[in-house]
Amino acid sequence: MEEQVKEKGEKLKKVKQFFATHENIRQIVLFTLFSLICFAIEYISFTVLQLCLKSYNEPLDWFLFHYSQSGGGKGAFVAFLVSNILAQAATFVLNRKKTFKATNNVVISGIMFAIVIIAIIILNTYLGGVIGDAASKSMINSGTSAETAEVVSGYAGKLVGSGVAWVLSFLGNKFLVMRNWGGKKKQEDAEVLDVEPNEAQLQTAACDALAESAATEACGSLFSVVMKSAGNNKLDVIKAVRAAIDEDLAKVKDMIDNLPAVIAQGLNKTEAESMARPLTAIGAEIEIV
């Protein structure tokens, strides 16, 4: 049982390390998971509104929007519009900090989001009418009842629109809405790269590393992971170390700024090698002692 727990812990560490060094993949995975929640909000609200507005099926022909009576008319238009607004608002709230870790001004971010959201809602609502009408006419011509055709065509339009909205929403949020236009994040990253440890800090850290090494050698079967150099990918190394030892960002930065440093201690050989491997792969100089 204990071995199974350790094995699961190792797998979890590997997953954390992978996502720490593959930011784009991490964003896509989280965005997709949150999108499932937003889709649930969208489809539930769409269904409720469609049922409530079922009697308001007068044809709508306004601007880009064309909703025939068989496609649900004005009621379907309102259902599409409101459900899209709710889903996209939830997308912004859920993804701003968790997925994209945005540090830009929330007002600027909100303005950019409004631009993206309006474009998505217009396109989504437009596609809903076009696809819904086409699907409804096709089903009615094939002998399906008007009532069934109205329901199925509505969901057909909603499904296609949701797929298009997911793609546009991810790209818009990543490259426009959540972009740090003020340069705050870039400045913080530059500060991390520019800060170099002084000689006294290096000597102190070296002594600490040697002391920890001697202590673990006395135990015989325990090892320490010592980082001698972060290499050329310092930011990636900071992310990987943070994921590996589950410490706060400030402590990890301080550790990497004062190399050599003991990243972890009291590990068995397999654990030490497992921790060292991804750090070495991104250019860090690691020693297991």
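Please treat every number below as a calculation from the coordinates, not as lab data. Small disclaimer: the values here were computed from a predicted structure and weren't measured. Backbone-built Cβ (ideal geometry, glycine too); neighbour counts: all protein chains shown.
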Per the helix-only calculation at 222 nm, which mean residue ellipticity applies to the chain, given -39500 (n - 2.57) for every DSSP H run of n ≥ 4 and division by its residues, nearest 500 deg cm²/dmol?
-24500 deg cm²/dmol
Against the longest principal axis of the chain, how steep is helix 73-98, in degrees 0 to 90 to the nearest 10, with axes from Cα atoms?
10 degrees
10 Å Cβ shell holding at most 13 others, DSSP loop, chymotrypsin sites (Phe, Trp or Tyr not before Pro): longest site-free stretch of the chain
64-180
Where does helix 234-245 land angle-wise versus the long Cα axis of the chain, in degrees 0 to 90, nearest 10?
90 degrees
Trypsin sites (Lys or Arg not before Pro) within region 81-162: DSSP coil, no more than 16 neighbouring Cβ in 10 Å:
Lys101
For the Cα atoms of the chain, what angle does the longest principal axis make with the long axis of helix 184-194, in degrees from 0 to 90, nearest 10?
20 degrees
Projecting the Cα atoms of Asn124, Asn173, Ala276 onto the charge dipole of the chain, where Lys and Arg contribute +1 and Asp and Glu -1 at Cβ, the residue farthest towards the positive end is Asn124
Put +1 on the Cβ of every Lys and Arg and -1 on every Asp and Glu Cβ in region 59-162; which of Phe63, Gly73, Ile111 then has its Cα farthest towards the positive end of the dipole?
Ile111
Consider all pairwise Cα distances in region 1-148 and report the whole-number % of them above 22 Å.
56 percent
Let me see the pair-distance distribution of the chain: every alpha carbon pair, 10 Å bin width, integer percents in order.
6, 22, 21, 16, 13, 11, 7, 3, 0
